[in-house]
1. Mind counting the residues in the stretch 29-56 that are in contact with an Asp or Glu (Cβ under 8 Å, 6 or more places away or on another chain) and either closer than 18 Å to Ala223 by Cα or buried (at least 17 other Cβ atoms within 10 Å of the Cβ) (or both)?
2. Pick from Gly155, Gly116: which is in a helix (DSSP H, G or I), closer than 21 Å to Thr22 by Cβ and modelled with pLDDT of 95 or more?
3. Search the stretch 160-194 for residues being farther than 17 Å from Val137 by Cβ and among the small types (Gly, Ala, Ser), and hand back the single one that is nearest to the chain's Cα centre (by Cα).
4. Within the stretch 130-152, how many residues turn out to be part of a loop (DSSP other than H, G, I, E, B) and either touching a Lys or Arg at 6+ places or on another chain (Cβ under 6 Å) or under 13 Å from Asn86 (Cα atoms) (or both)?
5. Does Thr97 satisfy the criteria of being surrounded by fewer than 17 Cβ atoms within 10 Å (Cβ to Cβ), in contact (Cβ under 8 Å) with a residue 24 or more places away in the chain and of a type in the set (S, T, N, Q)?
6. Report yes if Asp205 is assigned to a helix (DSSP H, G or I) and over 26 Å from Gly2 (Cβ atoms), otherwise no.
7. Got a number for residues in the stretch 216-251 being more than 14 Å from Asn182 (Cα to Cα) and not in a helix (DSSP H, G or I)?
8. Scan Arg20, Arg107 and give me the residue that is of a type in the set (Lys, Arg) and under 17 Å from the mean Cα position of the chain (by Cα).
Amino acid sequence: MGRVADKVVLVTGAGSGIGRATAKLLAAEGAIVIVSDINAAGGQETVQQIGGKARFEEHDTSHEDDWKRIVEGILEREGKLNGLANNAGISGPYPATFETETLEQWRRMLSVNVEGVFLGCKHAVPAMRQSGGGSIVNTSSLAAFLATPDLSAYGASKGAVRQFTKTVAIDCARKGYKVRCNSVHPGVIMTPMGESVLPSDKARDRMKKRIPIGDFGQPEDIAYGILYLISDESRFVTGTELVIDGGMNAI
């Protein structure tokens, strides 16, 4: 208890999956959590599950006006912003190869998965500087390290998040902003998104055999990594990738 006591943290995409698990864990460890999601029902359910130090904001992370409204509101209501779990993302249709994917699908993927992360960093960094420093955690994917022939735009978007995270981290460090920025890279996690690309028991069994540790990850496995990176325990960690994938990237 208390690993992030009294920190104010914004968690995007917190209406389900990794975002929900992260919001609940941060709150359990003492944070004041702003839950945001485009899915109002899911976000409000997360707040209800947390109870106490949490509130919900409807949030399309691809819209800059939403970011401005929410970050400004946090500074007005909570008085500071110490952490951002930049988690919101989409996977799109599956399979989606570069030959079959439409330009509209490609652009939608990048608008949420890349532009959303960019906008989060753009607006959170000044707020964190004003608050005395902070930590940003961008959710990328194992896909940032591997080819993704069946998820073309998704893989490209997560590779961009990995690289952009390093750019933000080094820029902030060189300028003395006291703002850290790192990325987490989930492997195959049993969330609604993860289940959508493994639609059958046969597909799941085949995928499970590719994971050295022998099982799928759970949202909480990623949430604990994000907790570490948001907390002061990781004060000397910036510009790096935390891969949580059961060993898949090691083969």
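The values are calculated or read from the model by the stated rules, or taken from the named source; none is laboratory data. Note that this is a predicted model, so its numbers are computed, not measured. Cβ sites come from the backbone with ideal geometry, for glycine too, and all protein chains shown count toward neighbours.
1. 11
2. Gly116
3. Restricting to residues being farther than 17 Å from Val137 by Cβ and among the small types (Gly, Ala, Ser), the top hit is Gly194.
4. 4
5. Considered against the rule, which asks whether it is surrounded by fewer than 17 Cβ atoms within 10 Å (Cβ to Cβ), in contact (Cβ under 8 Å) with a residue 24 or more places away in the chain and of a type in the set (S, T, N, Q), Thr97 comes out as yes.
6. Answer is yes for this residue.
7. Qualifying residue count, the stretch 216-251: 7.
8. Every option except Arg20 fails the conditions.
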